[in-house]
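Notes for the one structure printed next.
The values are calculated or read from the model by the stated rules, or taken from the named source; none is laboratory data. As the structure is a computational prediction, the values presented were derived from the model and not from experiment. Don't worry about glycine lacking a Cβ; one is built from the backbone with ideal geometry, like all the others, and counts go over all protein chains shown. The accessibility values were calculated without ligands, DNA or RNA, using every heavy atom of the protein model including side chains. Shrake-Rupley method; radii C 1.70, N 1.55, O 1.52, S 1.80 Å.
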Amino acid sequence: MLTASVHAQHLHVDARIIDAKTGERLPFASVYISGQNSTISNAEGEFAIDADSTDVLRISYVGYKTVHLRAVDIGQEVLLSSLGTDYIINKVLERHKKEQKKYGKKKSNFFYRQVSKSNRQCTAFLESFFSAKSAYELSDLQLVTGRYVSVASHRTMNPTNYFTFAQIPLYSKPVRLLVGEQLVPLRKDYNRFFETDVEVISDGERRIYVLYFIPLNPNFWSVTARLFVDAKTFEVLRYQGYGNNDRVWHREHSGEEEPFAKRDIEPANYSFVVNYQHVNGFAEVQSVHFLVTYEHDGNRYETTGMMFNVADRFVKGKTTMTFSDNLMNEISKGKKNNDKHYDRKFWERLEIVKRTPVEDEVVELFERDNLFGVF
């Protein structure tokens, strides 16, 4: 009776990991046999590891398809194929769909601050608290409380509608594009409207996909944006970009009889950053920052706004908001028609986000002259 035995041979595997399409070397790729026997490629994409001929190496790199190769079959190069933007974006869409279904009605509370300037001179300051649905983007805002001051003089704008710029959409259903609809990155038919690209970066703790969305038609009302996504979980981490073809109302104060008689539509520069947190199991808006600037008759107008998630803090009541461009009017309504008051101690106690020196100066001036309007 004859028996055969197979003896594993000891090998020293020495190879280079490269992009199968571009030939680019892939640094710091993972090469794994077991917990006690693993390595990574160096800055030139090269690696070396001792293995038995029967061992199977798992070679992986963020943004690329993982390969499993027998040690005996590995030559001088290991080719990895990129997953491509389609794969990554669809994974993000899948996660969005699941989280929206489970957490889409979850609400949180937000602190809002807005500062408006005309030729670098402050013309309005506003702070308020909102309750809002917070998954991926803000919606269904309810006003909790607020205060504001507006210095209305000739040739200064009435910057009342800019809080709507904080409601930055990320997802849109893939339906027929409607008149007046803004094009945003997360939609199943994104490739009809956007050119996309991806790069991989690291924040020192994890690999991150940076997805680029560039409008194919620059004449659409749309955004040019970057979406930062965790490469392992496909969680959305950050959304930032700028608007294309944004417009704002410009209003000028012209006297007591017709306080805002003149109103023009002006092209505006608009940029934004949205950061997300995942402490509640879904991509929840953690903070928003936006900047809107435009020019009119040689004057420059600027409004900055920010929102910050304060969770369950500072909620005393909620006032349902009908859609209004005038947030100051909404604040002025009060809980009842004549229930206007200003609790200075409340605002002194709640400096949720540290003010800049300019903002401190504005608040001190307006507090001193008792100019804040609130409920």
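Just name one of A51, Q114, V78: the one whose Cα is farthest towards the positive end of the charge dipole of the stretch 18-145 (beta-carbon charges, Lys/Arg +1, Asp/Glu -1).
Checked the options; the winner is Q114.
Taking just the C-alpha trace of the stretch 1-127, give me its Rg and Dmax in Å.
Computed over the Cα atoms of the stretch 1-127, radius of gyration and Dmax are 25.8, 99 Å.
Listed here are the pairs K107/K188; K98/K188; K105/K354; K106/K232; which of them are more than 22 Å apart at the Cα?
Check vs 22 Å cut-off fails for K107/K188; K105/K354; K106/K232.
Quick one: which residues, 5 or more positions from T54 or on another chain, have an amide H under 5 Å from its amide H? H modelled 1.01 Å from N in the peptide plane, none for Pro or chain starts.
Residues meeting the criterion, in which the H sits 1.01 Å from N, are Q9.
Would you rank L216, L186 by solvent-accessible area, highest first, keeping every protein chain in place and using a 1.4 Å probe? Present the calculation step by step, with values, prior to reporting the outcome.
Working: L216 100, L186 0 Å².
Ranking L216, L186 by accessible area, largest first, yields L216, L186.
Give the long-range amide H neighbours of R187: residues separated by 5 or more places, or on another chain, with amide H under 5 Å away, using H modelled in the peptide plane at 1.01 Å from N.
S172
Kindly write out, for the stretch 271-285 in residue order, the coupling ³J(HN,Hα) from the Karplus curve 6.51 cos²θ - 1.76 cosθ + 1.60 (θ = phi - 60°), rounded to whole Hz, with x marking Gly and Pro.
Those phi angles translate into 10, 8, 9, 10, 10, 10, 10, 10, 5, 9, x, 8, 6, 10, 4 Hz.
With every protein chain kept in place and ligands, DNA and RNA left out, what is the accessible area per residue of the stretch 44-109? Probe 1.4 Å, answer in Å².
On the way: 3800 Å² over 66 residues.
Result: 58 Å² per residue.
For a Förster distance of 25 Å, can you work out the FRET efficiency between the beta-carbons of E181 and R206, rounded to the nearest 0.05? Can you show the working numbers first?
Values: r = 34 Å, r/R0 = 1.38.
Here the calculated transfer efficiency is 0.15.
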